Amino acid sequence: MSIATIRDGLSLFHERVILAYRSETGDATNITTLNYRFVSVLPIVVVLDPHPCQAEADKVAADQQKVNNIENRIVTLQDELEQGHRPKNQIIKDIATAEKQLLATNEALEEDQQALEVCLSTQR
């Protein structure tokens with residue numbers, strides 16, 4: 001038997017309906033009687049309250065992603081500098097700008113990490 005997902009219009013959830021059978025008559029190619037039942041399985045929904053420090057943790061994660069992106073940009077620019085496809089002055093200028101962004105983002109990251117540590121220490 002197969003499992004199919006249906007929506008009956010009465011439920012907020014997709015219900016998975018299983019057609020199961022207990023017995024049958026006839027041979028494998030010609031089933032004349034099928035004794036079946038429907039079993040409806042509702043999904044388990046768990047709603048968790050966000051952690052009190054979730055906002056701080058999200059800021060730290062976003063800052064870390066920005067740091068990673070800027071570091072990757074600097075590596076790419078350094079590769080461009082070695083390959084010489086663009087004027088060196090422009091690449092050096094772009095590297096300097098990225099390094100300034102990296103410093104500022106690292107400072108923001110440190111501040112947000114401290115805020116997260118303070119929040120977590122008050123939750124203990």
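The values are calculated or read from the model by the stated rules, or taken from the named source; none is laboratory data. Everything numeric in this text was worked out from a predicted model, so none of it was measured. Cβ: placed from backbone, ideal geometry, glycine included. Neighbour counts: every protein chain shown.
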### Query
Quick one: in the range 48-60, which of the residues that are surrounded by 12 or more Cβ atoms within 10 Å (Cβ to Cβ) and among the aliphatic types (A, V, I, L, M) is modelled with the highest pLDDT?
VAL60
### Message
What pairs come out if I take residues in the range 36-59 that are closer than 30 Å to LEU120 by Cα and pair them with residues that are at pLDDT 85 or above and of a type in the set (A, V, I, L, M) whose C-beta lies under 8 Å away, six or more apart or interchain?
### Response
HIS51/ALA57; CYS53/LEU116; CYS53/LEU120; GLU56/ALA115; GLU56/LEU116; ALA57/LEU116; LYS59/ALA115; LYS59/LEU116
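What residue, of LEU109, LEU103, LEU120, is without any contact (Cβ under 8 Å) to a residue 24 or more places away in the chain, of a type in the set (A, V, I, L, M, F, W, C) and part of a helix (DSSP H, G or I)?
Values: LEU109 fails: without any contact (Cβ under 8 Å) to a residue 24 or more places away in the chain; LEU120 fails: without any contact (Cβ under 8 Å) to a residue 24 or more places away in the chain.
One residue alone meets the criteria, LEU103.
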### Task
Residue by residue through the range 67-124, note down the ones that are more than 28 Å from HIS51 (Cα to Cα) and under 24 Å from the mean Cα position of the chain (by Cα).
ILE70, GLU71, ASN72, ARG73
#### Entry: Given (1) surrounded by 11 or more Cβ atoms within 10 Å (Cβ to Cβ); (2) not in a loop (DSSP other than H, G, I, E, B), number of the condition GLU82 does not satisfy
(1)
